[in-house]
1. If the chain between ARG16 and ASP63 were fully stretched, how many nm would it gain, using 0.36 nm times the residue separation less the Cα-Cα distance?
2. Pick out, from THR49, THR69, ALA18, the residue whose Cα sits farthest towards the positive end of the charge dipole of the chain, with +1 on the Cβ of Lys and Arg and -1 on the Cβ of Asp and Glu.
3. Which aspartates and glutamates have a Cα lying under 16 Å from the Cα of LYS12, excluding residues fewer than 8 positions away in the same chain?
4. Can you give the net charge of the other residues whose Cβ lies under 12 Å from the Cβ of TYR57, counting K and R as +1 and D and E as -1?
5. Roughly what angle does helix 47-56 make with the longest principal axis of the chain, taking Cα atoms, 0 to 90 degrees, to the nearest 10?
6. From the residues PHE59, TYR36, TYR2, which one has its Cα farthest along the dipole of the chain in the positive direction, the dipole being from +1 and -1 charges on Cβ of Lys/Arg and Asp/Glu about the Cα centre?
7. Using only alpha carbon positions, build the gyration tensor of the chain, then give the equivalent ellipsoid semi-axes as the square roots of 5 times its eigenvalues, largest first, whole angstrom.
8. With a sphere of radius 11 Å drawn around the Cβ of GLY41, what net charge do the other residues whose Cβ falls strictly inside it have (Lys, Arg +1; Asp, Glu -1)?
Amino acid sequence: MYRLNVAKLRKKISERGAATGHAVQKQAGINQTTAYRILRGGAQPDLITAIRLSVTYDFDLRDVMDEVTDQAEATA
């Protein structure tokens, strides 16, 4: 099981000049509420959103994912 590492994602996004959920929404073409939830760690992106982020900000999805071995942590 894998889980998004929000700190790594924020770093990748900020390296490309996006600092807010609004900027991410505009640049990646995702819902603004979804962008804020993802950046706060309150939601995991679906596959399409994750791909949009990786393409928009030019990073490999594996670079922002952590392997989770504890089942309780994976569903948190």
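1. Details: separation 47, 0.36 × 47 = 16.92 nm, distance 1.51 nm.
Result for the pair: 15.4 nm of gain on full extension.
2. Result: ALA18, furthest along the dipole toward the positive end.
3. ASP58, ASP60, ASP63, ASP66
4. On the way: positive: LYS8, ARG10, LYS11, LYS12, ARG16, ARG52; negative: GLU15, ASP58, ASP60, ASP63.
Computed value for this residue: +2.
5. The two axes meet at around 50 degrees.
6. With unit charges placed on the Cβ atoms, the residue in question is TYR36.
7. Over the Cα atoms of the chain, the semi-axes work out to 20, 13, 10 Å.
8. Details: positive: ARG3, ARG10, ARG37, ARG40; negative: none.
My count for the surroundings of GLY41 gives +4.
The values are calculated or read from the model by the stated rules, or taken from the named source; none is laboratory data. Since we're looking at a predicted model, the values are computed, not measured. Every residue, glycine among them, receives a Cβ derived from its backbone with ideal geometry; neighbour counts consider all protein chains shown. Accessible surface is based on the protein model in full, side chains and every heavy atom, while ligands, DNA and RNA are left aside. Shrake-Rupley method; radii C 1.70, N 1.55, O 1.52, S 1.80 Å.
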